[in-house]
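J.: What follows is a structure written as structure tokens; I'll ask about it next.
Bear in mind that the values in this text are calculations on the coordinates, not laboratory data. All values derive from a computational prediction rather than experimental measurement. Positions of Cβ are backbone-derived with ideal geometry, glycine not excepted, and every protein chain shown enters the neighbour counts.
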Amino acid sequence: MPTNDLITNKNSLIEYMESGCKPREKWRIGTEHEKFTYHLSDLSQLEYEGERGIRALLEGLIKFGWEPIIENGKPIGLVKPDSSSITLEPAGQVELSGAPLKNIHQTCSEISEHLKQVKDVAKELGIGFIGLGYQPKWKREQAPWMPKSRYKIMREYMPKVGTKGLDMMQSTCTVQVNLDFDSEATMVKMFRISLALQPIATALWANSPFKNGKLSGFLSYRSHIWTDTDPDRCGILPFVFDQGFGFERYVDYMLDVPMYFVYRNKYIDASGQSFRDFMAGKLAALPGEKPTIQDWEDHLSVAFPEVRLKKFLEMRGADGGPWSRLCALPAFWVGLLYNDQSREEAWDLIKDWTPEEHLKLRDEVPRLALKTPFRNVSIGDIALDALEIAHKGLSRRGVKDNVGLDETYFLNPLFQIAESKLTPAEELICAYERRWHKKIDPVFKEYAY
């Protein structure tokens, strides 16, 4: 479906979503991760301009075959023909949006090559990188803003609908994985499993205990922030578990999510306006115009639920972290969802969870992580069950690297976390309270990439 095709009715949107269905042999894995940048000299966040700023970093990466993405004469990202890209989050967090790849060995090689490239450029500029869920030292008000005009629209709208939207934009980093499906029925089951188990991922990857140089009281402060960012576009989407859920119901949800913008050679502020009105030619920001498929794709990208549906599913519940856990995220979800038997086992694990339990986990896991009580066990126990299912799923895939290792070994860091019930955040807290003597600066050295 060409992106400039006009949308005339809801059926066009449903057909667009259905067009994401792919035969199993074409299923791919797309992994995205964000990281904080800082000056090694004083640990301050990178500004955009300057000899050692974000712009210099992007321009330095061009030598590795990246093509710049230009907005208003300024590079705001990089892209390659394989569909991978490097983009900027609002306060200069650098994101690698990886190419769609066949297996996790390829994903991990891609991440390794990316980190090698950015560190090569950063060495000359005195720049460091760190993978955490929330900026550990600097107050959000001190953070820079990147010159992307869509962020101006969002930063003005966010405080109208929640208290933590700007914290989400400027102070968080995540890792996520994008996965395919072959039918509406498969999508529905994958969506339900991944929504239910997203708190387990949040717990296993919990890696943001700090705020403004002190303990925040949360193990995943990043996850907590999403509870008061924008209720119209965030959350656990209880309707996904309703009988009859499918592409049409998700389209209805998205039609009720307020817009942010429309792009017409520039970003036009349409914040709070209705995509339904847009389809009727009644959008206040563009009177008389009707949307294109590209407008719908843009709109799909500004909903932020725990799992997001486009022409694929995005798992969005994990804090940023080190290399091993960036590789572990696709391993976790691929193991659970890309093998039929494991997907059924994962469904059996969660199929009787109630809406109240989903909500309780969403609210409590950011603070308690693996120690969150659930029925007569804990989330740590559920995590071990999920990991065993994922391990079996990856083993059944049988995809081996050049030395004969299959994808199961990418789960090793997660088994260590779940078996010890010590999350990455709690490891950081121990370091902070003991060997760092309640000083935050050592994190930038000990946990840097």
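J.: When the helix-only estimate is applied to the chain (DSSP H runs of n ≥ 4, each -39,500 (n - 2.57), divided by the residue count), what is the mean residue ellipticity at 222 nm, nearest 500 deg cm²/dmol?
T.: Details: 17 runs with 186 residues, N = 449.
Here the helix-only value at 222 nm equals -12500 deg cm²/dmol.
J.: State whether the range 169-322 is rounded, prolate or oblate according to the following rule on the C-alpha gyration tensor (a ≥ b ≥ c being the square roots of its eigenvalues): a/c under 1.5 gives rounded; otherwise a/b larger than b/c gives prolate, and the remaining case gives oblate. Please report the intermediate quantities before stating the final value.
T.: On the way: a/c = 2.33, a/b = 1.38, b/c = 1.69.
Because a/c hits 1.5 or more and a/b fails to exceed b/c, the range 169-322 counts as oblate.
J.: Sticking with this one: Given 0.36 nm per residue, what is the gain on full extension from GLU356 to ASP242 after removing their alpha carbon distance, in nm? Kindly include the intermediate steps, with their values, before the conclusion.
T.: Details: separation 114, 0.36 × 114 = 41.04 nm, distance 1.37 nm.
This chain segment gains 39.7 nm when fully extended.
J.: Here's a follow-up. Taking 0.36 nm per residue of separation and subtracting the Cα-Cα distance, what length does fully extending VAL403 through SER324 add? Intermediate values should be presented prior to the final figure.
T.: Working: separation 79, 0.36 × 79 = 28.44 nm, distance 1.84 nm.
That works out to 26.6 nm of additional length.
J.: Any chance you could check the Cα centroid distance between the range 190-218 and the range 349-405 for me, in angstrom?
T.: For the range 190-218 versus the range 349-405, the Cα centre distance is 13 Å.
J.: So, one more: Sort by residue number and report every cysteine in the chain with no other cysteine beta carbon within a distance under 4.7 Å.
T.: Lone cysteines by the Cβ rule: CYS21, CYS173, CYS234, CYS430.
J.: Taking amide hydrogens as modeled 1.01 Å from N in the peptide plane, which residues meet the under 5 Å criterion relative to THR37, leaving out close sequence neighbours?
T.: Here LEU46, VAL94 satisfy the definition.
J.: Quick one: net charge around THR172, please, counting Lys, Arg +1 and Asp, Glu -1 for every other residue with C-beta under 9 Å from its C-beta. Could you put the intermediate results ahead of the total?
T.: On the way: positive: ARG222; negative: GLU34, GLU89, ASP167, ASP319.
Summing Lys and Arg as +1 and Asp and Glu as -1 gives -3.
J.: As a quick test, which of the pairs LYS102/LYS439; LYS74/LYS439; LYS80/LYS139; LYS102/LYS189; LYS80/LYS164 have an alpha carbon distance above 31 angstrom in this structure? Present the calculation step by step, with values, prior to reporting the outcome.
T.: Values: LYS102/LYS439 43 Å; LYS74/LYS439 37 Å; LYS80/LYS139 34 Å; LYS102/LYS189 22 Å; LYS80/LYS164 34 Å.
Going by Cα-Cα distance, LYS102/LYS439; LYS74/LYS439; LYS80/LYS139; LYS80/LYS164 fall outside the 31 Å limit.
J.: At 0.36 nm per residue, and after removing the present C-alpha to C-alpha distance, how many nm does the segment from LYS63 to ASP340 gain when stretched out fully? Don't jump to the answer; show the numbers that get you there.
T.: Details: separation 277, 0.36 × 277 = 99.72 nm, distance 4.26 nm.
Result for the pair: 95.5 nm of gain on full extension.
J.: Mind checking which of GLY133, ILE111, VAL121 is farthest towards the positive end of the range 96-192's charge dipole, using Cβ charges of +1 (Lys, Arg) and -1 (Asp, Glu) about the Cα centre?
T.: Farthest along the dipole direction, towards plus: GLY133.
J.: Here's a follow-up. If R0 is 41 Å, what FRET efficiency do you get for LEU6 and TRP347 from their C-beta distance, rounded to 0.05?
T.: Approximately 0.60, to the nearest 0.05.
J.: Can I ask one more? Once you sort the root eigenvalues of the Cα gyration tensor of the range 153-229 as a ≥ b ≥ c, which label holds: rounded (a/c under 1.5), prolate (a/b larger than b/c) or oblate (the other case)? Write down the numbers at each step before the final one.
T.: Numbers: a/c = 2.77, a/b = 1.55, b/c = 1.78.
Verdict is oblate for the range 153-229.
J.: If you plug each phi of the range 334-348 into the Karplus form 6.51 cos²θ - 1.76 cosθ + 1.60 with θ = phi - 60°, what whole-Hz ³J(HN,Hα) values come out, in order, with x for Gly and Pro?
T.: 5, x, 6, 10, 8, 10, 4, 5, 5, 4, 5, 5, 5, 5, 4
J.: Beta carbons within 10 angstrom, averaged per residue: use that to sort the peptides 21-29, 421-429, highest first. Can you show the working numbers first?
T.: Values: 21-29: 14.0, 421-429: 20.6.
For the peptides 21-29, 421-429, the packing ranking is 421-429, 21-29.
J.: Between [x] 37; [y] 32; [z] 27, which entry matches percent of Cα pairs over 35 Å apart as derived from the coordinates of this structure?
T.: [z]
J.: Using a Gaussian network model on the chain with a 10 Å cutoff between Cα atoms, which of PHE241, PHE64, PHE275 fluctuates the most?
T.: PHE64
J.: Would you work out the relative contact order for the range 254-357, in percent, from Cα pairs under 8 angstrom that are 6 or more residues apart?
T.: Details: 85 pairs, mean separation 14.8, N = 104.
Answer for the range 254-357 is 14 percent.
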